[in-house]
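Beneath this line is the structure, given in structure tokens, with notes to follow.
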Amino acid sequence: MSGILEFVKGCVRQVLSGGRAYKAWMAFLLVMIGVGVVSYTHQATAGLIASNMRDDVSWAFYIGNFTFLVGVAAAAVLLVIPAYVYQWKPIKEVVVLGELLAISALVMALLFILVDMGRPDRFLHIAPLLGTPNWPASMLTWDALVLNTYLGLNLVLVLYLLFKTYRGEHYDKRIFLPLVLLSIPVSISTHTVTAFLYNGMAARPYWNASILAPRFIASAFCSGPAVMIILFQLLRKAFKFDIKDEAIWKIAELMSYAMFLNLFLLGAELFKEYYSATEHLLYTQYLWGGIGEHTVLVKYAWLSLACSVIAFLLFLVPRTRKNFLTLNIGCVLIWAGVYIEKGMGLIIPGFTPSTLGQIYEYTPTRMEWGVAGGVFGIGFLTFTILVKIAVPILVGTFRAPERAHGHAPAAGYPVP
Amino acid sequence: MTPNKSLPVVTDADAPPASPRDGVDPIGDGPLDPARRAFLRTAAAGTAVAALASCSSGVDMEDFLRKHFKELSPDELKKVLAKVEKRNQERFGKKTTVSAKGPQPGVEYGYGLDISRCVGCRRCVYACVKENNQSRTEPQIHWIQVLEMDKEHGVDLAHADLYYEADAVPRPGKFYFPVQCQQCRNPPCVKACPTQATWKEQDGIVVIDYDWCIGCRCCMSACPYGARHFNWATPNLPAEELNPDQHYLGNRPRPKGVVEKCTFCIQRVREGRYTACVEVCPVGARKFGNLLDPESEIRKVMETKRVFVFKEELATHPQFYYFYAT
């Protein structure tokens, strides 16, 4: 046990030490969290009326962010599969970072659910044993189940792996591999169940399409890795952490397939709506062309499409995929494309027009932005802290004291 | 309006039972017995409450640890009802009675709405607000919503106006289509609720336990009739307008952050009365009664008129029927 205490102390030391840029970044995150706390206090006092949500659009920006972040978390599987199923070494060296990103994304996703709840003090009512979860009928209970399972799995995997590496020991394959393999279907099911949450509602024709879950997975496999590619380059600079170009290019290549699928599925859906042109077309029309003078979402829809198409072309051509400038531009564009699509293009058209045909035009209030900023602050802080501990362990500069002078293990990911 | 001969009238002979909530199936089909669940909840809640209570001043320990409505024993339910009455007294300075009267055997409520008669006066909307203690202003909550539609388009939501303003109704070329909870037999809201805070009672009324609702609004997304309404802020309800005759699952004042809905005036109909909207309708467009009673007004409507249900393609099977009497 003393080993664990020593490890925790070491972790705290790692997190507290850092250069000026690191401290500035941490200060910035704390300011963001502060803004979030102030905004949330306002919301908790006034009620959700402080947001622009109303009965007609009863889920909006928070739930859009939640959906996007579940996608980011699910995307870790794009690294886990090549690393553990195909034993591809360049990715195996960085897979743990993907898992750390998944943990942070899940923390943010769960927080977005919490800030969206009218009575967060009653969260236990959904818990198994303690509350009365409406399981298996309610999709939200499934969502809570898979999201928490995935979070727990990733936490156990990452902590176990890092602790073992810190001790200079190899992980036990018999424990580690089954959990890794389990994390693959769980990861896919997180985003699938989130899609089913919307998909299962006959009252909302815009969501009630069986293509929704595949579209979610395809877009997740674009947006999550886009975040990772940028982070890998930053970490490579900041920590002298050897992340091979091949790993990044392989991820970019996988992304180009995912983006093709994403755009194809979008096209399939648009065709179905516009060609058949039933009353269901209204929702799609509201997003892409507006209804009458109600055109709030139109600019988001086309901006999102433009981002996605340009990014797809940049990722498709090997020369631009392997050029870090165009690769990074592509990553930012794909991130923006999916974020806008999930944030404004998925939830709000689902509610507009309302079930009784009324149009309420929603845009987030400043308070909603503040709360969202706070949640992102907490998520980035979580990721920063995890990375600050993980990377020194992975590169071998942070080791158990009794091991530090012994055989220095090779840098990088331990291979049994 | 004729006396409600079709409605079940509760007389003394029907004898108030020992339990304040008779005629209900014993609940407890979960794998965990309520006592054990309550114990677990108490144990786990200790830490959670300490953290939450400090940041959310509105949290009451007793409320927090309360069981699901269906798990309450008769004694516990009595205490809970007394607490609601006490809270009403404190908040509104008014004595109220809060009942938890259960469904009566042999009763399944049905509602009929005559489209050819409705003139769109919205008296029902405001009678409902008054009867059911809805929030009056900022925000205004209406359980009944009246849509103005064009005769040339028929029942077409794309051409429906909920917020019509008219000096006189009905307006030429228009007809009116009131919508409220359709008390579906296959309610999507009940399916979607993650905490079983909403359910369908044996007499067909879909209810919400406001003290169990977590405010996730899944039910609102799932409802095809826009019949569920969220308390975005603390309801604005003037003390002098409070209706003191309340039902725990119906018109008792709601807290902020939970969902509410039409309950067919549960506090009235279970006492054998008509709903407020039926009573107030100046043209007699609204009919209400026991679907299981062959002599009831609603059964007569269904047998003799052209009846349809709203959004039948969604297979929600409403207990609310629209019809054309003329």
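The values are calculated or read from the model by the stated rules, or taken from the named source; none is laboratory data. Since the model is a prediction, treat every value here as computed from it, not as a measurement. Cβ atoms come from the backbone with ideal geometry, glycine included; neighbour counts cover every protein chain shown. We work out accessible area using only protein heavy atoms, side chains counted, and drop any ligands, DNA or RNA first. Shrake-Rupley method; radii C 1.70, N 1.55, O 1.52, S 1.80 Å.
Can you pull out every residue in segment A:141-174 that is at the interface with another protein chain (Cβ under 8 Å from one of its Cβ atoms) and either open to solvent by less than 20 Å² (accessible area, probe 1.4 Å) or at positive phi (or both)?
Pass one, segment A:141-174, residues at the interface with another protein chain (Cβ under 8 Å from one of its Cβ atoms): A:141, A:144.
Residue satisfying the conditions is A:T141 alone.
I'm checking my understanding of the structure. Among residues of segment A:180-221 that are of a type in the set (G, A, S) and touching a residue at least 60 places away in the same chain (Cβ under 8 Å), which one is nearest to B:C193 (Cα to Cα)?
Start the filter on segment A:180-221 by keeping residues that are of a type in the set (G, A, S), which leaves A:183, A:187, A:189, A:195, A:200, A:202-203, A:209-210, A:213, A:218-220.
Subset that is touching a residue at least 60 places away in the same chain (Cβ under 8 Å): A:183, A:187, A:200, A:203, A:209, A:219-220.
On the way: A:S183: 27, A:S187: 24, A:G200: 13, A:A203: 15, A:A209: 21, A:S219: 28, A:A220: 27 Å.
This residue is A:G200.
For segment B:157-176, how many residues meet the condition of being within 14 Å of another protein chain (Cβ to nearest Cβ) and either surrounded by 13 or more Cβ atoms within 10 Å (Cβ to Cβ) or touching a helix residue (DSSP H, G or I) at 6+ places or on another chain (Cβ under 7 Å) (or both)? Spell out the reasoning first.
Step one: list which residues in segment B:157-176 are within 14 Å of another protein chain (Cβ to nearest Cβ), which gives B:157-164, B:176.
Still in the list and also either surrounded by 13 or more Cβ atoms within 10 Å (Cβ to Cβ) or touching a helix residue (DSSP H, G or I) at 6+ places or on another chain (Cβ under 7 Å) (or both): B:157-162, B:164, B:176.
Within segment B:157-176, residues that are within 14 Å of another protein chain (Cβ to nearest Cβ) and either surrounded by 13 or more Cβ atoms within 10 Å (Cβ to Cβ) or touching a helix residue (DSSP H, G or I) at 6+ places or on another chain (Cβ under 7 Å) (or both) number 8.
Consider segment A:36-57. How many of its residues are of a type in the set (A, V, I, L, M) and surrounded by 17 or more Cβ atoms within 10 Å (Cβ to Cβ)?
Of the residues in segment A:36-57, the ones of a type in the set (A, V, I, L, M) are A:37-38, A:44, A:46, A:48-50, A:53, A:57.
With surrounded by 17 or more Cβ atoms within 10 Å (Cβ to Cβ) added as a condition, the list becomes A:44, A:48-50, A:53, A:57.
Of the residues in segment A:36-57, 6 are of a type in the set (A, V, I, L, M) and surrounded by 17 or more Cβ atoms within 10 Å (Cβ to Cβ).
Just the residues that are of a type in the set (F, W, Y) and over 19 Å from A:L297 (Cα atoms), please, taken from segment A:315-353. Lay out the reasoning, then the answer.
Kept after step one, since they are of a type in the set (F, W, Y), are these residues of segment A:315-353: A:315, A:324, A:335, A:339, A:351.
A:F315, A:F324, listed by residue number.
Out of A:V193, A:V156, A:V180, I need the residue that is within 15 Å of A:V70 (Cα to Cα), out of contact with any Gly (no Cβ under 6 Å at 6 or more places or on another chain), in a helix (DSSP H, G or I) and not charged (D, E, K, R). Which one?
Working: A:V156 fails: within 15 Å of A:V70 (Cα to Cα); A:V180 fails: within 15 Å of A:V70 (Cα to Cα).
One residue alone meets the criteria, A:V193.
Only one of B:N251, B:N243 is touching an Asp or Glu at 6+ places or on another chain (Cβ under 8 Å), over 27 Å from A:L140 (Cβ atoms), in contact (Cβ under 8 Å) with a residue 60 or more places away in the chain and open to solvent by 10 Å² or more (accessible area, probe 1.4 Å); which?
Numbers: B:N251 fails: open to solvent by 10 Å² or more (accessible area, probe 1.4 Å).
Among B:N251, B:N243, only B:N243 is touching an Asp or Glu at 6+ places or on another chain (Cβ under 8 Å), over 27 Å from A:L140 (Cβ atoms), in contact (Cβ under 8 Å) with a residue 60 or more places away in the chain and open to solvent by 10 Å² or more (accessible area, probe 1.4 Å).
Is it the case, given these coordinates, that A:V296 is modelled with pLDDT under 95 and outside any helix (DSSP H, G or I)?
So A:V296 passes the test.
Can we say A:Y283 is surrounded by 15 or more Cβ atoms within 10 Å (Cβ to Cβ) and more than 15 Å from A:A75 (Cα to Cα)?
yes
Considering segment A:203-240 alone, what residues qualify as being in contact with an Asp or Glu (Cβ under 9 Å, 6 or more places away or on another chain) and more than 23 Å from A:L266 (Cβ to Cβ)?
A:R236
Name the single residue, out of those in segment A:182-196 being within 14 Å of chain B (Cβ to nearest Cβ) and either more than 30 Å from B:Y225 (Cα to Cα) or open to solvent by 10 Å² or more (accessible area, probe 1.4 Å) (or both), that is nearest to the chain's Cα centre (by Cα).
A:V193
I'm checking my understanding of the structure. Among residues of segment B:143-156 that are more than 16 Å from B:C124 (Cα to Cα) and surrounded by 11 or more Cβ atoms within 10 Å (Cβ to Cβ), which one is farthest from the chain's Cα centre (by Cα)? Break it down stepwise before answering.
If we filter segment B:143-156 for residues that are more than 16 Å from B:C124 (Cα to Cα), which is where we start, we get B:149-156.
Still in the running and surrounded by 11 or more Cβ atoms within 10 Å (Cβ to Cβ): B:149-150, B:153, B:155-156.
Values: B:M149: 26, B:D150: 29, B:H153: 31, B:V155: 25, B:D156: 26 Å.
Filtering first and then ranking leaves B:H153.
Could you check A:L179 against (1) crowded, with 21+ Cβ neighbours inside 10 Å; (2) closer than 27 Å to A:F7 by Cα and say which number it fails?
(1)
What about A:E293, is it under 26 Å from the mean Cα position of the chain (by Cα) and either touching a residue at least 60 places away in the same chain (Cβ under 8 Å) or open to solvent by 70 Å² or more (accessible area, probe 1.4 Å) (or both)?
On the way: under 26 Å from the mean Cα position of the chain (by Cα): no; either touching a residue at least 60 places away in the same chain (Cβ under 8 Å) or open to solvent by 70 Å² or more (accessible area, probe 1.4 Å) (or both): yes.
No, not satisfied.
Which of (1) outside any loop (DSSP other than H, G, I, E, B); (2) buried (at least 17 other Cβ atoms within 10 Å of the Cβ); (3) modelled with pLDDT of 60 or more does B:Q89 not meet, given it meets every other one?
Status for B:Q89: all satisfied but (2).
Would you please list the contacts, defined by Cβ atoms under 6 Å and residues six or more apart or on different chains, that run from a residue in segment A:332-344 that is of a type in the set (K, R) to a residue that is part of a helix (DSSP H, G or I)?
Close Cβ pairs satisfying both conditions: A:K342/A:G64; A:K342/A:T67; A:K342/A:F68.
May I ask you to say which residue of B:A158, B:A166 is at pLDDT below 95 and more than 24 Å from B:V280 (Cβ to Cβ)? Outline the logic, then answer.
Numbers: B:A166 fails: more than 24 Å from B:V280 (Cβ to Cβ).
Answer to the check: B:A158.
Test of understanding: among A:L333, A:L346, A:L316, which residue is touching a helix residue (DSSP H, G or I) at 6+ places or on another chain (Cβ under 8 Å), among the hydrophobic types (A, V, I, L, M, F, W, C) and within 14 Å of another protein chain (Cβ to nearest Cβ)? Can you show your working first?
Values: A:L333 fails: within 14 Å of another protein chain (Cβ to nearest Cβ); A:L316 fails: within 14 Å of another protein chain (Cβ to nearest Cβ).
Just a single option satisfies the conditions, and that option is A:L346.
Looking at segment A:111-130, which of the residues that are among the hydrophobic types (A, V, I, L, M, F, W, C) and farther than 20 Å from A:F66 by Cα is surrounded by the most Cβ atoms within 10 Å (Cβ to Cβ)? Before the answer, list the steps.
Our first condition is that a residue be among the hydrophobic types (A, V, I, L, M, F, W, C); within segment A:111-130, this holds for A:111-115, A:117, A:123-124, A:126-127, A:129-130.
Filter again for farther than 20 Å from A:F66 by Cα, leaving A:129-130.
Numbers: A:L129: 14, A:L130: 20.
Here the residue is A:L130.
Please tell me if A:V72 is at pLDDT below 95 and over 30 Å from A:P401 (Cα atoms).
On the way: at pLDDT below 95: yes; over 30 Å from A:P401 (Cα atoms): yes.
For A:V72, the condition - at pLDDT below 95 and over 30 Å from A:P401 (Cα atoms) - is met.
Within segment A:4-27, how many residues are in a helix (DSSP H, G or I) and surrounded by fewer than 13 Cβ atoms within 10 Å (Cβ to Cβ)?
So in segment A:4-27, the residues in a helix (DSSP H, G or I) come out as A:4-16, A:20-27.
Filter once more, so that each one left must be surrounded by fewer than 13 Cβ atoms within 10 Å (Cβ to Cβ): A:4-5, A:8-9, A:12-13, A:16, A:20-21, A:23-24, A:27.
Matching residues across segment A:4-27 total 12.
Among the helices (runs of 4 or more DSSP H) lying completely within segment A:317-386, list those that include at least 2 residues that are β-branched (V, I, T) and either farther than 16 Å from A:M228 by Cα or open to solvent by less than 30 Å² (accessible area, probe 1.4 Å) (or both). Outline the logic, then answer.
Values: elements: A:318-321, A:324-343, A:347-351.
Output list reads A:324-343, A:347-351.
Where in segment B:185-273 are there helices (runs of 4 or more DSSP H), lying wholly inside it, with at least 2 residues that are within 11 Å of chain A (Cβ to nearest Cβ) and not acidic (D, E)? Steps first, please.
Numbers: elements: B:188-192, B:218-222, B:266-269.
Once the helices (runs of 4 or more DSSP H) in segment B:185-273 are filtered for at least 2 residues that are within 11 Å of chain A (Cβ to nearest Cβ) and not acidic (D, E), what remains is B:188-192, B:218-222.
If we scan segment A:209-231, do we find a residue that is assigned to a helix (DSSP H, G or I), in contact with a Pro (Cβ under 9 Å, 6 or more places away or on another chain) and open to solvent by less than 40 Å² (accessible area, probe 1.4 Å)? Even if it seems obvious, please write down each step before you answer.
At the first step, the residues of segment A:209-231 found to be assigned to a helix (DSSP H, G or I) are A:212-231.
Next, from what is left, pick out any that are in contact with a Pro (Cβ under 9 Å, 6 or more places away or on another chain): none.
Scanning segment A:209-231, I find no residue that is assigned to a helix (DSSP H, G or I), in contact with a Pro (Cβ under 9 Å, 6 or more places away or on another chain) and open to solvent by less than 40 Å² (accessible area, probe 1.4 Å), so the answer is no.
Taking the residues in segment B:118-142 that are within 11 Å of chain A (Cβ to nearest Cβ) and surrounded by 17 or more Cβ atoms within 10 Å (Cβ to Cβ) as candidates, determine which candidate is farthest from B:G284 (Cα to Cα). Can you show your working first?
Step one: list which residues in segment B:118-142 are within 11 Å of chain A (Cβ to nearest Cβ), which gives B:135, B:138-142.
When the remaining residues are screened for being surrounded by 17 or more Cβ atoms within 10 Å (Cβ to Cβ), the result is B:135, B:139, B:141-142.
Values: B:S135: 27, B:P139: 30, B:I141: 24, B:H142: 21 Å.
Ranking the candidates gives B:P139 first.
With the requirement that a residue be under 24 Å from A:I49 (Cα atoms) and more than 7 Å from every other protein chain (Cβ to nearest Cβ), what does segment A:116-140 give you?
Correct list: A:D116, A:P120.
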